[in-house]
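Notes follow once the structure below has been shown.
Since every read-out is calculated from the coordinates, none of them should be taken as a lab result. Since this is a predicted model, take the numbers as computed values, not measurements. Here the Cβ positions follow ideal geometry from the backbone for every residue, glycine too, while neighbour counts run over all protein chains shown.
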Amino acid sequence: MDVFLQGNLMESSPLTLLLLDDEQDIINALKRLLRKNFTLVTFTEGQVALDYLRKNAVDLIMSDMRMPNMDGAQFLEKSRDLHPHAIRLLLTGYSDMDSTIKAINEGGVYCYIGKPWDNDALKMTLDKAAEHYMLKKEAKELSANLLSANKELERFNKSLEEKVALRTSALEASKQKLHGALITQKSLLQDVLDMMSSTIEYRTGSGAGHIKRIALQCKAIAGHLNFDEVICRHIYLSALLHEIGKVGLSDEILKQSQFDADSVHECFASHPVIGAKIVGRVKRFSVLTENIRYQDENVDGTGVPEHLVADAIPIGARIIRVVKDFDQLISGKDNAHKMSIKDAKSWLTSRTNTWYDEKIVMAFFSILTNRQTVIEEMEYSVGLEGLKVGDTLIEDLVLNGNIMMKEGQQINDVILIKLGDYEHDHNVKLTLFVR
């Protein structure tokens, strides 16, 4: 066994890469190529490498395919049992494709690299494998941070034990949902964000999916205003996390708060600042903190926490402010005087250039009215006048405590007539959420 330690110990340590090849010349060539980027542990015998893995942790494993006594497929399958989270790669010749397929199926191989290899291509492949490993590691750390935040909430009231049990159950359900989503979703980061949104919704008691609806509508506004894809993505992620600071509020505060359309409740004034601090702990999310921190600023400088004015307020924060307030007006769980779509639009319009950026309000209304956006999964808030045949409900329509229409039901001519009759007979204006 040969071990190379590289990197400044004062900085973050490099990932550990185990190399296995029965040819010492190959091992030497790989050490020269990779020793500056990884902590290398090298072996020429598979059994000796397995003995090392039983006592030591590694991050990445790269093995040759064709070796005596134990081939690469067998070695990687056994190493998977010892270190299931390590990233495994296979060096193989094109004549070994049957064995390579076996290694991929049974050894959980991340990718295979043809021999002879190109040095630049090999380094790029290993860099991508290392990035994939770090994404999984960051996701675990993010889950750990959320668990830590939940534990701190227990100090507010010992009587929360039952609610903690319910929360744990909800988190377990979210984890199961996340496990199924991993098959179809391309981004592990997005999966973690979905779990965080579910946690926030459970903690605040808001309806399932309302954070995703707000985030999609914020992203649509950014696209409508011709911001580039990166900014649109940052605004979408900021909106997904804009309520994360509420996990730091006690149950007493969450129960006592009632939405006031003309002011920000004092107990809620701090949650954007708390949320920005939580999100800022994750380096990858640092670009989102300002959008979250300043979501309650007014364009005339009367908002909180720093009384910023107009364009001094980040564009993402201005967009989130418009969309979240509109959603609260029409469907907020703690809003005892919910408005119709029409009245909510009038309310926002009356406060443009004082609370809200006028161009953002106009862009939002255009999207809701014209339904023109490139986002396929876009969700709309509509009144009966904006409902169309073929629309699909994304939330149950509950009237007088009874479910009148189920989530997933499609709108047809008969349903439109019945909804119109209901509005006429009960002198109300309905709000529906559709895709």
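Per-residue packing, averaged as other Cβ atoms within 10 Å, sorts the ranges 61-71, 117-127, 358-368, 210-220 into the order 210-220, 61-71, 358-368, 117-127, beginning with the highest. Shown for HIS132, HIS242, HIS307: other C-beta atoms within 10 Å of each C-beta, ranked fewest to most, produce the order HIS307, HIS132, HIS242.
Peptides 413-424, 78-89 ranked from most to least packed give 78-89, 413-424, packing being the mean of other C-beta atoms within 10 angstrom over each peptide's residues. Centre-to-centre, using Cα atoms only, region 335-370 and region 24-61 are separated by 61 Å. Decide, for region 201-378, between rounded, prolate and oblate: order the square roots of the alpha carbon gyration tensor eigenvalues as a ≥ b ≥ c, take rounded if a/c falls under 1.5, and otherwise choose prolate if a/b is larger than b/c, else oblate. Verdict is rounded for region 201-378.
Simple rule: put +1 on each Lys or Arg Cβ and -1 on each Asp or Glu Cβ in region 313-435, find the dipole, and look at ALA363, GLY408, MET378; the Cα lying farthest toward the positive end is ALA363.
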